[in-house]
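**Q** Here's a structure for you.
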Amino acid sequence: MNAWYKRMGSVLLVALTLTTRLAAVAGAARGPLRVHPTNPRYFTDGSGKPVVFIGDYTWGTFSDVDFDYKAQFDALKANGLNFARVWLWWGCEQFPPPEDKLHVEPFLRSGPGAANDGRPRYDLTRLNPAFFHRLRDLCAAARERGLFLQLITMDAWMLKHPHLWKLHAFHRDNNTNGVDGDPQNTGKGTDGQLGFCSLGNPRVLEFQKAYLRKLVDTVNDFGNLLIEIANENYYSAEWERHLCEFIREQERARPRQHVLMPLDLLSHSSVVQKWDPRIIHAALLEKRRLRQPLIFDTDWTINDNDAEVRKAMWSAVLSGGHFNYMDNSLEFRTKPVPDKRTALHQQIGSLAAFMRPLKPWAMQPEDALVKSGYAFAMASTSELAAYLPEGGTVTLDLAKLPGTCRVNWFNPRTGQRHEGGTIVGGDLRALEAPFAGDGVLHIRREQ
């Protein structure tokens, strides 16, 4: 493996030099992604333009050495999407079967001595150049395609599985530095008092911070990022917030200060993890009180029912949220495979296309806008958008939209638009979808 790292390092160094020169020209004047200054449920990009995240992502984009993230990013861009969540460090070099995937690691394995997988132990004082070269190339590739990335610095999911924790670099048997992420011998890394995700283990924290310090050095000049400390950390919220503050301190005197999770926005499990449109809508409206961006992220289960996913994503976005789909069909490997979910990918692209000309950051989602029928609506003084999960007829309060209004219907299954003519706003209006099944309504004030 060390030979592989050396080869990767030399190849990526050349690519990195070229990419950095191009990126410096393209992005030198651009600031970082920010939380929107007047509507903190949304973001602004480096130019100050408001942003709604519509994304599609998978587990191994960065970490799996045979994954072609540029091909994935090309596919997202072609579909009109702008967002992907990316795992950086799982914790071990290779998952056991059936996953059996080889990962690029932030630490070199130089020994002495053998780890639990029979390979040389990790030296946590020696950071792996190939990992950080690959990270820069990933961020540059996304920026060149107009994509934003949510970088997960560490994974906490694997800590709860003894057979995976046994392979972790911070397991006492697997490093040469005397670092023990489980000093109470629980057989897992989940101890929130003294374990991997805790403030009670100074040696673990020391090396976590060294890794994060190098990560900040590597990505600070990229404005297209938000940084998530850990995926599925349920063990110590204090540890996670402490590391957010550590990154904030590292970036304080640097050109860019990135949006951080969980300080600036909620994690995927803290928003809502249901497919039912009514539950999603109610959860997002309730959490608006937090005045943070709300990303409906489906990283809790794989749903093979395209209709359920479609209804969930439209319900989330037209309830004032963002959408990011965990997608096990994104297999951009060295051996390409056919797209197994073409219809769903087209429908996610249709959501992005519909939202692009809208200004949801100027709109307010309100149940009071819907007087009869099954729909979720949000409105400003210039436009209204409503999602009807079962289609049919909806009666809307158009008090915010007096005068002549243009009506358009949108079919979320086909991506087709249907002109609905003009109506007079300012009062209640009943409108019926011109096609069967779920539908989307857009009303824009003309005067």
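The values are calculated or read from the model by the stated rules, or taken from the named source; none is laboratory data. Since the model is a prediction, treat every value here as computed from it, not as a measurement. Here Cβ is always computed from backbone atoms with ideal geometry, including for glycine, and neighbour counts include all displayed protein chains.
**Q** Output the number of the condition that Gly420 fails; it satisfies all remaining conditions of (1) over 30 Å from Thr38 (Cβ atoms); (2) of a type outside the set (Val, Ile, Thr); (3) outside any strand (DSSP E or B).
**A** Only one criterion in (1) over 30 Å from Thr38 (Cβ atoms); (2) of a type outside the set (Val, Ile, Thr); (3) outside any strand (DSSP E or B) is unmet by Gly420, namely (3).
**Q** Within segment 141-149, does at least one residue satisfy the condition of being in contact (Cβ under 8 Å) with a residue 12 or more places away in the chain, crowded, with 22+ Cβ neighbours inside 10 Å, more than 28 Å from Leu225 (Cβ to Cβ) and out of contact with any Ser or Thr (no Cβ under 6 Å at 6 or more places or on another chain)?
**A** Looking through segment 141-149, none of the residues is in contact (Cβ under 8 Å) with a residue 12 or more places away in the chain, crowded, with 22+ Cβ neighbours inside 10 Å, more than 28 Å from Leu225 (Cβ to Cβ) and out of contact with any Ser or Thr (no Cβ under 6 Å at 6 or more places or on another chain).
**Q** With the requirement that a residue be over 19 Å from Pro96 (Cβ atoms), in contact with a strand residue (DSSP E or B) (Cβ under 8 Å, 6 or more places away or on another chain) and aliphatic (A, V, I, L, M), what does segment 164-211 give you?
**A** If the condition is that a residue be over 19 Å from Pro96 (Cβ atoms), in contact with a strand residue (DSSP E or B) (Cβ under 8 Å, 6 or more places away or on another chain) and aliphatic (A, V, I, L, M), then Val179, Ala210 are the ones that fit.
**Q** Is it true that Lys400 is modelled with pLDDT under 95, assigned to a loop (DSSP other than H, G, I, E, B) and of a type outside the set (S, T, N, Q)? Lay out the reasoning, then the answer.
**A** Values: modelled with pLDDT under 95: no; assigned to a loop (DSSP other than H, G, I, E, B): yes; of a type outside the set (S, T, N, Q): yes.
Considered against the rule, which asks whether it is modelled with pLDDT under 95, assigned to a loop (DSSP other than H, G, I, E, B) and of a type outside the set (S, T, N, Q), Lys400 comes out as no.
**Q** Identify, from the list Lys77, Lys101, the residue that is in contact with a Gly (Cβ under 7 Å, 6 or more places away or on another chain) and closer than 28 Å to Ala210 by Cβ. Before you say what the answer is, go through the steps one by one.
**A** On the way: Lys77 fails: closer than 28 Å to Ala210 by Cβ.
The match here is Lys101.
**Q** In addition: Taking the condition of being crowded, with 20+ Cβ neighbours inside 10 Å, in contact (Cβ under 8 Å) with a residue 40 or more places away in the chain and not aliphatic (A, V, I, L, M), how many residues in segment 392-429 meet it?
**A** Total meeting the criteria: 3.
**Q** Let me ask something else. Which numbered condition trips up Met363, out of (1) surrounded by 18 or more Cβ atoms within 10 Å (Cβ to Cβ); (2) more than 24 Å from the chain's Cα centre (by Cα); (3) without any contact (Cβ under 8 Å) to a residue 60 or more places away in the chain?
**A** Among (1) surrounded by 18 or more Cβ atoms within 10 Å (Cβ to Cβ); (2) more than 24 Å from the chain's Cα centre (by Cα); (3) without any contact (Cβ under 8 Å) to a residue 60 or more places away in the chain, the lone unmet condition for Met363 is (2).
The rows are residues; the columns are (1) farther than 30 Å from Tyr387 by Cβ; (2) in contact with a Leu (Cβ under 9 Å, 6 or more places away or on another chain); (3) part of a loop (DSSP other than H, G, I, E, B).
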| site | (1), (2), (3) |
| --- | --- |
| Trp239 | yes, yes, no |
| Arg248 | yes, yes, no |
| Gln257 | yes, no, yes |
| Leu265 | no, yes, yes |
| Leu284 | no, yes, no |
| Asp304 | no, no, yes |
| Lys311 | no, no, no |
| Gly320 | no, yes, yes |
| Phe323 | no, yes, no |
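**Q** Return yes when Glu286 is surrounded by fewer than 17 Cβ atoms within 10 Å (Cβ to Cβ) and either touching a residue at least 12 places away in the same chain (Cβ under 8 Å) or not small (Gly, Ala, Ser) (or both) and no when it is not. Give the derivation first.
**A** Details: surrounded by fewer than 17 Cβ atoms within 10 Å (Cβ to Cβ): yes; either touching a residue at least 12 places away in the same chain (Cβ under 8 Å) or not small (Gly, Ala, Ser) (or both): yes.
Yes.
**Q** Does Ser269 satisfy the condition of being modelled with pLDDT under 95 and not in a loop (DSSP other than H, G, I, E, B)? Break it down stepwise before answering.
**A** On the way: modelled with pLDDT under 95: yes; not in a loop (DSSP other than H, G, I, E, B): yes.
It is true that Ser269 is modelled with pLDDT under 95 and not in a loop (DSSP other than H, G, I, E, B).
**Q** Another question, then. List the number of the failed condition for Asp427; all other conditions in (1) more than 30 Å from Asp74 (Cβ to Cβ); (2) under 28 Å from the mean Cα position of the chain (by Cα) hold.
**A** (2)
Conditions (1) touching a Cys at 6+ places or on another chain (Cβ under 9 Å); (2) assigned by TED's automatic domain parsing to the domain that holds Leu441; (3) farther than 28 Å from Arg291 by Cα, marked per residue:
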site	(1), (2), (3)
Leu330	no, no, yes
Gln347	no, no, yes
Ser350	no, no, no
Met378	no, yes, no
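Residue-by-condition table, conditions (1) out of contact with any helix residue (DSSP H, G or I) (no Cβ under 8 Å at 6 or more places or on another chain); (2) without any contact (Cβ under 8 Å) to a residue 40 or more places away in the chain; (3) outside the structural domain of Asn82 (by TED's automatic domain parsing); (4) not in a helix (DSSP H, G or I):
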residue	(1), (2), (3), (4)
Ala169	yes, no, no, yes
Pro183	yes, yes, no, yes
Val204	yes, yes, no, no
Lys209	no, yes, no, no
Leu215	no, no, no, no
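**Q** Restricting to segment 281-327, give me the number of residues that are hydroxyl-bearing (Ser, Thr, Tyr) and in contact with a Ser or Thr (Cβ under 9 Å, 6 or more places away or on another chain).
**A** Residues of segment 281-327 hydroxyl-bearing (Ser, Thr, Tyr): 298, 301, 315, 319, 325.
Within this subset, residues satisfying the condition of being in contact with a Ser or Thr (Cβ under 9 Å, 6 or more places away or on another chain) are 325.
The number of residues fulfilling the criteria is 1.
**Q** State which residue is farthest from Pro360 (Cα to Cα) when the search covers only segment 32-68 and only residues that are of a type in the set (D, E, K, R) and in a loop (DSSP other than H, G, I, E, B).
**A** First, pick out the residues of segment 32-68 that are of a type in the set (D, E, K, R): 34, 41, 45, 49, 56, 64, 66, 68.
After this cut, where a residue has to be in a loop (DSSP other than H, G, I, E, B) as well, the list is 41, 45, 49, 66, 68.
On the way: Arg41: 10, Asp45: 15, Lys49: 13, Asp66: 38, Asp68: 33 Å.
Checking each candidate, the answer is Asp66.
**Q** Condition test on Gln292, is it within 28 Å of Pro357 (Cα to Cα), touching a residue at least 40 places away in the same chain (Cβ under 8 Å), surrounded by fewer than 21 Cβ atoms within 10 Å (Cβ to Cβ) and outside the structural domain of Ala385 (by TED's automatic domain parsing)?
**A** Numbers: within 28 Å of Pro357 (Cα to Cα): yes; touching a residue at least 40 places away in the same chain (Cβ under 8 Å): yes; surrounded by fewer than 21 Cβ atoms within 10 Å (Cβ to Cβ): yes; outside the structural domain of Ala385 (by TED's automatic domain parsing): yes.
For Gln292, the condition - within 28 Å of Pro357 (Cα to Cα), touching a residue at least 40 places away in the same chain (Cβ under 8 Å), surrounded by fewer than 21 Cβ atoms within 10 Å (Cβ to Cβ) and outside the structural domain of Ala385 (by TED's automatic domain parsing) - is met.
**Q** Continuing with the same structure: I want to confirm something. Restricting to segment 81-114 and keeping residues that are touching a strand residue (DSSP E or B) at 6+ places or on another chain (Cβ under 7 Å), among the aliphatic types (A, V, I, L, M) and assigned to a loop (DSSP other than H, G, I, E, B), which single residue is surrounded by the fewest Cβ atoms within 10 Å (Cβ to Cβ)?
**A** Looking at the filtered set, the residue picked out is Leu88.
**Q** Going by the conditions given, is Trp314 touching a strand residue (DSSP E or B) at 6+ places or on another chain (Cβ under 9 Å), under 19 Å from Ile279 (Cβ atoms) and among the aromatic types (Phe, Trp, Tyr)?
**A** Working: touching a strand residue (DSSP E or B) at 6+ places or on another chain (Cβ under 9 Å): yes; under 19 Å from Ile279 (Cβ atoms): yes; among the aromatic types (Phe, Trp, Tyr): yes.
Against the criterion (touching a strand residue (DSSP E or B) at 6+ places or on another chain (Cβ under 9 Å), under 19 Å from Ile279 (Cβ atoms) and among the aromatic types (Phe, Trp, Tyr)), Trp314 qualifies.
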